[in-house]
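Participant: For reference, the structure I am asking about is given below.
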Amino acid sequence: MSDTTTAQATPVDPNGIQIQINAQYTKDFSFENPNAPASLQPKEQQPNIAVNVDVSASRVAESDLYEVVLKINADAKRDTEQLFLAELTYAGLFTIKNVPQDQVTPLLLIECPRLLFPFARNIMAESTRDGGFPPLLIQPVDFAAMFRQSTANQAAATSGPAAIVPPEE
């Protein structure tokens, strides 16, 4: 016989920090192929595809529960012809415990979207493929660099650090 162990549902580190993914979900999704079937005809010129990624987080009520929202927009054009437009808002509910207050924002805007990204990337790839195009394989995103840039922009604009949006009442 072998020893068996069971995995804990909530990851715990030696410092007592706990991160739990309670749910992942599509909040909003749109795929437009406005010029089909003409846009699906083979052409020599490669399309220009612009991909934008944005992250936000907010506390859900007065608790350790946070919603992290990952927004991905992909706009493909060939010259002035619109090939497709895909917009995805993908979110997750995370329980964060035993995290020092100054580390909550980086955790929510770097680590949580890093956990959500592969699922959102897959939705975008499948939707473009289902729309008649090759799958759009979005390159990995450096959420730490995005956070640093956002913090620098906010500091320049408001002379203060980035903050989590308080819950709506």
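Participant: Can you go through THR89, THR95, THR80 and tell me which one is within 14 Å of the chain's Cα centre (by Cα) and β-branched (Val, Ile, Thr)?
Facilitator: THR89
Okay, residues lined up against (1) surrounded by fewer than 15 Cβ atoms within 10 Å (Cβ to Cβ); (2) modelled with pLDDT of 95 or more; (3) of a type in the set (S, T, N, Q):
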site	(1), (2), (3)
PRO11	yes, no, no
PRO14	yes, no, no
GLN24	no, yes, yes
VAL53	no, yes, no
ASP64	no, no, no
LYS71	no, yes, no
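Participant: Go over the candidates ALA74, ALA145 one by one and state the one that is more than 9 Å from the chain's Cα centre (by Cα) and assigned to a helix (DSSP H, G or I).
Facilitator: ALA145
Participant: Here's another thing I want to ask about it. Among all residue pairs at least 6 apart or on different chains, which show Cβ distances below 9 Å where the first residue, located in region 116-135, is surrounded by fewer than 19 Cβ atoms within 10 Å (Cβ to Cβ) and the second is among the acidic types (Asp, Glu) and part of a helix (DSSP H, G or I)?
Facilitator: Filtered contacts from region 116-135: PRO135/GLU126.
Participant: Only one of these conditions is not met by GLN18: (1) among the polar types (S, T, N, Q); (2) under 19 Å from PRO113 (Cα atoms); (3) at pLDDT 90 or above. Which number is it?
Facilitator: (3)
The values are calculated or read from the model by the stated rules, or taken from the named source; none is laboratory data. Model, not experiment: these values are computed from the prediction. We place every Cβ from the backbone using ideal geometry, glycine too, and count neighbours over all the protein chains shown.
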